[in-house]
Structure formats: C-alpha cells, structure tokens
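Here is the structure we will look at, set down as structure tokens.
Laboratory data are not the source of any read-out in this text; all were calculated from the coordinates shown. Just so it is clear, the structure is predicted and the values come from calculations on it, not from any experiment. Please note: Cβ atoms are built from the backbone with ideal geometry, for glycine as well, and neighbour counts cover all protein chains shown.
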Amino acid sequence: MKKIRNPFDPQINKCFGCGPNNPIGLQLEFYEDNDHIISFWQPDENLQGYPDVVHGGIQTTLMDELASWTVFVKGKTAGFTTSMEIRLRKPLLVSKGRVKIVAKLKAINRKIAEIETEIYDSDKQLCSSGLIRCFIYPEDQARERFGLPEHDKFY
C-alpha cells in the first residue's frame, strides 16, 4: 500500500473531506493499493445520527470523498459528483473505532466515471456501499478549472 500525498495548497484547500487545516473536517488521508484507493477514519461521537451510529450523511460524504480521490489518482483528472446510489447496510458504530473506506474505478464512459465505494467497520464487516458517478473533464481543463496538480505530485 502506497501513501498518496495531498498536493493541494493547504492554505486554500478547506475541503470538508480532505482539507488538512479544516478544524471541523474529516481530514482524510489516502492510500493506493493496486486498483483501490483506501482511507482510514476514526469516527467522532459528534457525527452521530442515532446514539453510537455514524450519521448516514457522514458515511455518504466519506464515500464521495474517496470517489473524488479515485478520479484524481486513477482517472488522472477531476470533476464533480453527478449521482450517488448509497446503501447503508449495517449500523456503522462510533464505539467500534477506526473504519476503512475503499473505492475502485469501475468504468469511464465518455465523460462519466463510475466508482464503487465501501465502508468497513473495525471487525471488517461491510456497513455501507455506493456507486458514485462523476462528470470528469479532460486533464487540461481539470488543471485550469480545479487546479489539478500534475499526476506525479500525488506521490
């Protein structure tokens, strides 16, 4: 497993998902493992829905963020989410501690990338899954519109 660098300027990057200096954000870090992009996250009791259950919107955000980083690293471009099909399968418990989020680029059809995502609890139980579709730009436009760094800056 290889660590992925966050090459976006930390003074500008206030992203809720990956901004390292966003004090209320998730501050996710990412790893590449063959075809997968992976992140680990420690649930916070302030992000509950029902008692001890990570809010479904936070779970969706985790999967959406992994999808974006999958587009950056595997698709070598950037874009934005156009649709999400999320399935909350089992309660993701805050009390179980660190979770693993996994994403894989399934297909690129014209300007749409399809990314499969999954969240596992510390017992390796699948708790949530999703299919996320992102509109993607050609690489040169992604650099211009979103400030996408050169691909080698992620390593």
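At-a-glance table
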| item | result |
| --- | --- |
| Residue that is surrounded by the fewest Cβ atoms within 10 Å (Cβ to Cβ), among those in region 86-130 that are farther than 15 Å from Gly56 by Cα and hydrophobic (A, V, I, L, M, F, W, C) | Ala107 |
| Of all residues making up region 88-122, the number that are closer than 20 Å to Ala142 by Cα, in contact with a Gly (Cβ under 6 Å, 6 or more places away or on another chain) and not in a strand (DSSP E or B) | 0 |
| Answer from Glu139, Glu144 - the residue that is surrounded by fewer than 17 Cβ atoms within 10 Å (Cβ to Cβ), without any contact (Cβ under 8 Å) to a residue 12 or more places away in the chain and closer than 19 Å to Pro7 by Cα | Glu144 |
| Test: Thr70 is over 22 Å from Ile24 (Cα atoms), touching a strand residue (DSSP E or B) at 6+ places or on another chain (Cβ under 6 Å) and touching a residue at least 24 places away in the same chain (Cβ under 8 Å) | yes |
| Any hit, region 10-20, residues being without any contact (Cβ under 8 Å) to a residue 60 or more places away in the chain, in contact with a strand residue (DSSP E or B) (Cβ under 8 Å, 6 or more places away or on another chain) and under 12 Å from Ala103 (Cβ atoms) | no |
| Residue within region 68-79 that is assigned to a loop (DSSP other than H, G, I, E, B) and surrounded by fewer than 16 Cβ atoms within 10 Å (Cβ to Cβ) present | yes |
| Residue match in region 42-56 (condition: assigned to a strand (DSSP E or B), crowded, with 19+ Cβ neighbours inside 10 Å, without any contact (Cβ under 8 Å) to a residue 60 or more places away in the chain and in contact with a Leu (Cβ under 6 Å, 6 or more places away or on another chain)) | yes |
| Pairs with Cβ under 7 Å, 6+ apart, first in region 104-115 and on the phi < 0 side of the Ramachandran plot, second in a loop (DSSP other than H, G, I, E, B) | Lys104/Asp35; Leu105/Lys74; Leu105/Gly75; Ile108/Gly75; Ala113/Gly75 |
| Some residue of region 94-109 being in contact with a Cys (Cβ under 9 Å, 6 or more places away or on another chain) and of a type in the set (A, V, I, L, M, F, W, C) | yes |
| Of residues in region 1-28 being among the β-branched types (Val, Ile, Thr) and part of a loop (DSSP other than H, G, I, E, B), the one nearest to Met63 (Cα to Cα) | Ile24 |
